[in-house]
Amino acid sequence: MEQLINIGFGNFINRYKMIAVISPDSAPAKRMIQNGKEQGTVIDATQGRRTRAVIVMENNHIVLSAVLPETIAGRCGQQ
């Protein structure tokens, strides 16, 4: 379980499969999310809350999280 990190609301991802954790506010990030939704590669783990982090995975999936990118990065560094 040491390779899993909590991305909020009891959702976990494999920390070794992450490529980047970015803020969803920029235009390129918004385009990435929209394209991912069209392709079916977006995993929404926000539980209906505001998206605060976009996590890009190795397999081109995009995970949306309601936890701040700084918090996710801190959780990666703790383990």
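Coordinate-derived values only; no laboratory data. Being a predicted model, the structure only gives us computed values, none of them experimental. Heads up, the Cβs are rebuilt from the backbone with ideal geometry, glycines too, and the neighbour counts pull from every protein chain shown.
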Pairing a residue in the stretch 12-34 that is among the hydrophobic types (A, V, I, L, M, F, W, C) with any residue that is part of a helix (DSSP H, G or I), where Cβ atoms lie under 7 Å and the two sit 6 or more apart in sequence or on different chains, gives VAL21/PRO69; VAL21/ILE72; VAL21/ALA73; ILE22/ALA29; ILE22/PRO69
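Does SER65 fit the bill of being touching a residue at least 24 places away in the same chain (Cβ under 8 Å) and not hydrophobic (A, V, I, L, M, F, W, C)?
Working: touching a residue at least 24 places away in the same chain (Cβ under 8 Å): yes; not hydrophobic (A, V, I, L, M, F, W, C): yes.
Yes, satisfied.
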All-but-one check, ASN60 against (1) surrounded by 12 or more Cβ atoms within 10 Å (Cβ to Cβ); (2) in contact with a Ser or Thr (Cβ under 8 Å, 6 or more places away or on another chain), failing number (1)
